[in-house]
Each structure stands twice: as C-alpha cells, then as structure tokens.
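**Q** Sending over a structure as structure tokens; questions will come in a sec.
The values are calculated or read from the model by the stated rules, or taken from the named source; none is laboratory data. Bear in mind the structure is a predicted one, so any value in this text is a computation, not a measurement. Glycine also receives a Cβ, built like all others from the backbone with ideal geometry; neighbour counts cover every protein chain displayed. Calculation scope for accessible area: heavy atoms of the full protein, side chains included, ligands and nucleic acids excluded. Shrake-Rupley method; radii C 1.70, N 1.55, O 1.52, S 1.80 Å.
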Amino acid sequence: MRNCVLVLLLLLGLAGPLAAQQSVQPDSVRVVAAADGYWSKGRLSAVLLTVLTGPIAGQRIYLGTNAKVPFIYAITLGGGLGILPLIDLGFILFTKDLGKLLNNPNVFIWNGKQKRG
C-alpha cells in the first residue's frame, strides 16, 4: 500500500522526502524548514495530503507511521467522520518543528513518539 501511495504522490509531484528514502529523518525536515521558512515543501505537502486524503491517512503515510494507522483511519473514516484528520491538520499547521510528527507509530498524533529499546 505504501508503494501505491508513493507512486501516486510521485505522479502528483508531492512525494517530498518519501521519494528519496523510505523513512523520513527529522533532521532533513528541519534543514528544509530552516531554508524555506515556515511553509516548507514538506509542510505544504502534508497539509495538502491532509485535505485531500485525510480520512485514509495520506498525511500519516507521508510523515511516516505504523502500518496499522492508515487501516484504522480507513475503517473509521478518519476517526469518526474526519475528526482525526482535522486534529492532524491543526498539529501540522501549528507545530513549529515538523520533525516532532515524523515516524509516529501512534494512531493519535498528539501522543508523541514511543521510546523503543
């Protein structure tokens, strides 16, 4: 599924960090954000994906997540008819450092990253 989404994003020109590598590193997003300002290519792509594919978690696939998250978004239509994508959109828009949202394995984006060790 991730490869299908990547191909779709490549066709739309929105692949951003996923085109270069499978997992997004927070440092690379910080460098882009510092160079391009607040509306970096990564943030703009995440906002567009939230608006266009929010109920099926396109933005979460773009930012990197566990495989269960898009499945849960899809079967609940975005967590109750689009509530989770709206919350995700708020976090994407108002978080200064987009790196905090990358590779988050949780269904709720505000839970932060889990420490694994």
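**Q** Is it true that Lys68 is of a type in the set (D, E, K, R), open to solvent by 30 Å² or more (accessible area, probe 1.4 Å) and at pLDDT 85 or above?
**A** yes
**Q** Kindly check whether there is at least one residue in region 35-52 that is under 16 Å from Asn111 (Cα atoms), basic (Lys, Arg) and modelled with pLDDT of 90 or more.
**A** Within region 35-52 (the criterion being under 16 Å from Asn111 (Cα atoms), basic (Lys, Arg) and modelled with pLDDT of 90 or more), the answer is no, since none of the residues qualifies.
**Q** Next up: Could you check region 75-99 and list, in sequence order, the residues that are modelled with pLDDT under 90, part of a helix (DSSP H, G or I) and open to solvent by less than 60 Å² (accessible area, probe 1.4 Å)?
**A** Gly78, Gly79, Gly80, Leu98, Gly99
**Q** If you check Gly58 against the conditions, is it on the phi < 0 side of the Ramachandran plot, of a type outside the set (Asp, Glu) and modelled with pLDDT of 90 or more?
**A** Spelling it out, Gly58 is indeed on the phi < 0 side of the Ramachandran plot, of a type outside the set (Asp, Glu) and modelled with pLDDT of 90 or more.
**Q** How many residues does region 38-55 contain that are surrounded by 20 or more Cβ atoms within 10 Å (Cβ to Cβ) and of a type outside the set (Gly, Ala, Ser)?
**A** Total meeting the criteria: 4.
**Q** Within region 49-74, take every residue that is small (Gly, Ala, Ser) and not in a helix (DSSP H, G or I) and give me the one that is farthest from the chain's Cα centre (by Cα).
**A** This residue is Ala67.
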